[in-house]
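Read the structure below first, then the notes.
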Amino acid sequence: MPFTSNPDEIEVSPEDTANALADGSAQVVDCREQYEWDEGRIEGTVHIPMDRLSSQRDKVATDKPVIFHCRLGGRSMMAAQAYRAAGYDAYSMVGGIELWDNQRRPMIPDGATVADH
């Protein structure tokens, strides 16, 4: 089922995020630190650390929704709010990569774990 953006909601589920990655209906941006990304990540995401979201805005899609995620959802919520204020169709994945991992969704590389922030 393709990801359908809903501007009345800012949070999306890991399932919505997985569907968006599978069919390309949204870009997914991991806004965690480099060491967190290295420890384990969701395949198909773009890595832009939180402190570089302004300077690397050109890496964020403007032609489709963007879903931000972090470890628990706090940083991605701030990113989604800031990008919405700038006119993007932006969302935050509720529960972050911890919920993704708890739901036994796949991560890379082999043996990936969720790093502490």
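Conditions tested, residue by residue: (1) small (G, A, S); (2) surrounded by 13 or more Cβ atoms within 10 Å (Cβ to Cβ); (3) more than 20 Å from D23 (Cα to Cα).
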site: R57; (1), (2), (3): no, yes, yes
site: Y91; (1), (2), (3): no, yes, no
site: L99; (1), (2), (3): no, yes, yes
site: D116; (1), (2), (3): no, no, yes
For segment 38-59, does any single residue satisfy the condition of being in contact with a helix residue (DSSP H, G or I) (Cβ under 7 Å, 6 or more places away or on another chain), farther than 24 Å from D116 by Cα and in a loop (DSSP other than H, G, I, E, B)? no
Test G87 against the stated conditions and say whether it is over 21 Å from A22 (Cα atoms), in a loop (DSSP other than H, G, I, E, B) and not β-branched (V, I, T). yes
So is R105 touching a residue at least 60 places away in the same chain (Cβ under 8 Å), assigned to a loop (DSSP other than H, G, I, E, B), among the basic types (K, R) and in contact with a Cys (Cβ under 8 Å, 6 or more places away or on another chain) or not? no
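Just so you know, all these numbers are worked out from the coordinates, no wet-lab data involved. Computed from a predicted structure; not experimentally measured. Note: ideal-geometry Cβ built from the backbone for every residue, glycine included; neighbour counts use all protein chains shown.
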